[in-house]
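Participant: Before I ask anything, let me first share the structure, which is written out below as structure tokens.
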Amino acid sequence: RQQDIFTLPSALDGHFDYLLEQTCLCAIDPVYHEDYAALAGRMLRPGGELLAVLMEVPPHIEGPPYHTPPKVARSLFPPPDWEELHLSEVQPRNPDRPGPEHTAVWRRQ
């Protein structure tokens with residue numbers, strides 16, 4: 001399926017055990033980050049997991065990609081609706097990326 005993620009049908013609500021996030025969150029304007037988090041929560045069944053790669057971007061890059069450090073992601077997926085299972089910096093760092101990347105896993109409660 002190829003479409004705007006914000007137009008996914010409600011028939012998919014609670015349909016997924018896992019969502020894989022790589023370069024979607026950092027590609028959308030940060031004003032839509034809360035909408036993205038709500039969509040992830042809607043798509044995942046209770047107990048489902050969001051597996052993510054987060055990207056930090058230096059301030060001189062206007063985006064996309066947009067700066068999405070762990071602090072921002074944690075604010076989007078907070079308890080009690082989400083449980084953080086893992087968050088760590090990717091090592092070794094990919095020299096082709098504008099900044100450090102982090103892997104993260106959250107479980108929808």
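The values are calculated or read from the model by the stated rules, or taken from the named source; none is laboratory data. Every value quoted in this text rests on a predicted model; they were computed, and no experiment measured them. Every residue, glycine among them, receives a Cβ derived from its backbone with ideal geometry; neighbour counts consider all protein chains shown. Protein only, heavy atoms only, side chains kept; ligands, DNA and RNA dropped before computing areas. Shrake-Rupley method; radii C 1.70, N 1.55, O 1.52, S 1.80 Å.
Residue-wise test of (1) surrounded by fewer than 17 Cβ atoms within 10 Å (Cβ to Cβ); (2) at negative phi; (3) touching an Asp or Glu at 6+ places or on another chain (Cβ under 7 Å).
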| site | (1), (2), (3) |
| --- | --- |
| Val57 | no, yes, no |
| Glu62 | yes, yes, no |
| Pro69 | yes, yes, yes |
| Pro78 | yes, yes, no |
| Arg93 | yes, yes, no |
| Thr103 | yes, yes, no |
| Trp106 | no, yes, yes |
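Participant: Kindly indicate the residue of segment 35-55 that is under 29 Å from Pro95 (Cβ atoms) and assigned to a strand (DSSP E or B) and also most open to solvent (accessible area, probe 1.4 Å) among those meeting that condition.
Facilitator: Leu51
Participant: Restricting to segment 11-34, name every residue that is open to solvent by 100 Å² or more (accessible area, probe 1.4 Å), over 15 Å from Glu56 (Cβ atoms) and touching a strand residue (DSSP E or B) at 6+ places or on another chain (Cβ under 9 Å).
Facilitator: Once the filter is applied, which keeps residues that are open to solvent by 100 Å² or more (accessible area, probe 1.4 Å), over 15 Å from Glu56 (Cβ atoms) and touching a strand residue (DSSP E or B) at 6+ places or on another chain (Cβ under 9 Å), segment 11-34 yields His15, Tyr18, Leu20.
Participant: Moving on. Does Leu87 satisfy the condition of being touching a His at 6+ places or on another chain (Cβ under 7 Å), outside any loop (DSSP other than H, G, I, E, B) and at pLDDT 95 or above?
Facilitator: Yes; evaluated as a whole, the condition is true for this residue.
Participant: Now for a different question. Give me the residue from segment 90-109 that is assigned to a loop (DSSP other than H, G, I, E, B) and polar (S, T, N, Q) and, out of that set, farthest from Leu51 (Cα to Cα).
Facilitator: Out of the qualifying residues, it is Asn94.
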